[in-house]
Amino acid sequence: MLEQRSFISRAIGDDLRYTLIVPDDVPGPLPVVYLLHGRGDSAASWEPVLDDLRALPVIAVLPDAPWSERASYYVDSAHRAGRQVETALTGDLVDHVEARLPEGRAAAGRASRTVAGYSMGGYGALRFGLAHPQLFGQVVALSPAAYDPEPPAGSSARTFGAFGVGDTVYEADRYRTLSIRAALDGYAGMPLSIDLAVGDAEQPHPGAPDALSLVSQTAAIARLAADTRGITVRARTYPGAHDFTVWRPALLDALSGLLR
């Protein structure tokens, strides 16, 4: 079963749309995977892996994130035009989806709930897993657009208000407060599995130093996470660039490992 659904989210005060995939012939209870798309994309951008998801013994939830000109980074924005995206997805969406699945279809508890994403969605997946450990037991971050200490010039994280305050579209202090480093520093210590993947041909932003390439940044996240109590990290590099030549096999490898 593949359905398009929507409901009114209290956190954003508007429709929240998502695609739901539930295997027709696989008995439950099944784990639930929430998949976050990248900047400028939509839930439909997961099309290269839809057949794969339908073949796996999982319930897949693909939210559409149109806010901040599709550059919300899945955080609660303090910009005047921003939305409470993190609250909407970790609260309203999870509650709505799992309350409306048939009884016994979804496995209960954080250990059976995964959040995954690519690029901007990889940032969101890390943010959700680390900031909401009561919800998620697994994170899959594919080429995560997570920069430390700040995103490079030209990054959409600086230009669309996700990390803005008031009329200012980007504030460094706001970014650092919501950063993956800050989330790791404050992590509660609950058992969490993080799968990280990046392509060996990732191209940095023009003019950005090598230290801010996604290859370097993903390796840095892996080191920080490995030193954080309660977290188990798997980091892999795949042949390819910033696209589904990397993200498809990486996602399938990660989900296959979680389903064993």
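Report the FRET efficiency, 1/(1 + (r/R0)^6), for V165 and A201, where r is their Cβ-Cβ distance and R0 is 41 Å, rounded to 0.05. Write down the numbers at each step before the final one.
Values: r = 36 Å, r/R0 = 0.88.
My answer for the efficiency is 0.70.
Remark on T232: its backbone amide H falls under 5 Å from those of L192, S193, I194, a criterion applied only to residues 5 or more positions apart or on other chains, H modelled at 1.01 Å from N. Note on the chain: GNM, Cα springs under 10 Å; of R127, R39, R174, the largest mean-square fluctuation is that of R174. Here the spin labels are modelled as points 7 Å beyond Cα on the Cα-Cβ line, and at D173 and D25 they lie 5.9 nm apart. If you build a Gaussian network model of the chain, linking Cα atoms that sit under 10 Å apart, which residue out of Y118, Y170, Y147 swings the most? With Cα springs under 10 Å in the chain, the top fluctuation among Y118, Y170, Y147 is at Y170. With a simple spin-label model that places each label point 7 Å from the Cα along the Cα-to-Cβ direction, the separation between R54 and L135 comes to 2.8 nm. Taking Lys and Arg as +1 and Asp and Glu as -1, the other residues whose beta-carbon sits under 14 Å from that of A241 total -2. Across segment 184-199, computed HN-Hα scalar couplings (Karplus, 6.51 cos²θ - 1.76 cosθ + 1.60, θ = phi - 60°) run 5, 4, x, 5, 7, x, 6, x, 9, 9, 10, 9, 10, 9, 8, x Hz from first to last residue, x flagging Gly and Pro.
Placing unit charges on each Cβ (+1 for Lys and Arg, -1 for Asp and Glu) gives segment 48-92 a dipole about its Cα centre, and among P66, A81, V49 the Cα reaching farthest toward its positive end belongs to A81.
Between the C-alpha center of segment 210-260 and that of segment 44-77 there is a gap of 18 Å.
Available extension along the chain between T245 and E103 is 47.5 nm, counting 0.36 nm per residue and deducting the alpha carbon span. Using θ = phi - 60° in the Karplus curve 6.51 cos²θ - 1.76 cosθ + 1.60, the 3J(HN,Hα) couplings for segment 117-129 round to x, 10, 6, 4, x, x, 4, x, 5, 5, 4, 4, x Hz; x is entered for Gly and Pro.
Viscosity 1.567 mPa s, temperature 4 °C: what is the translational diffusion coefficient of segment 119-197 from Stokes-Einstein with a Kirkwood Rh over Cα pairs, rounded to a whole number of µm²/s?
Numbers: Rh = 13.0 Å.
Calculated translational D: 99 µm²/s.
Converting phi to 3J(HN,Hα) with the Karplus coefficients 6.51, -1.76 and 1.60 and the offset θ = phi - 60°, segment 214-227 yields 5, 4, 5, 5, 5, 5, 5, 4, 4, 5, 4, 5, 5, 8 Hz in sequence order, with x at every glycine or proline.
Annotation: amide H of R39 within the under-5 Å range of M120, G121, sequence separation 5 or more or interchain, hydrogens built in the peptide plane.
Quote to one decimal, in nm, the extra length available between E150 and R80 on full extension: 0.36 nm per residue of separation minus the C-alpha distance between them. Mind dumping the intermediate values first?
Working: separation 70, 0.36 × 70 = 25.20 nm, distance 2.15 nm.
Working it through step by step, the gained length comes to 23.1 nm.
Taking 22 Å as R0, compute the FRET efficiency from the Cβ-Cβ separation of S6 and E69 and round it to 0.05. Don't skip to the end; give the middle numbers.
Working: r = 20 Å, r/R0 = 0.91.
Taking R0 as 22 Å, the efficiency between S6 and E69 is 0.65.
Build a GNM of the chain with springs between Cα atoms under 10 Å apart, and of V169, V115, V26 the one that fluctuates most is V26.
Coordinate-derived values only; no laboratory data. It should be emphasised that the depicted structure is a prediction, and the values quoted were computed from it without experimental measurement. Quick reminder, even Gly has a Cβ in these numbers, built from the backbone with ideal geometry, and neighbours come from all protein chains shown.
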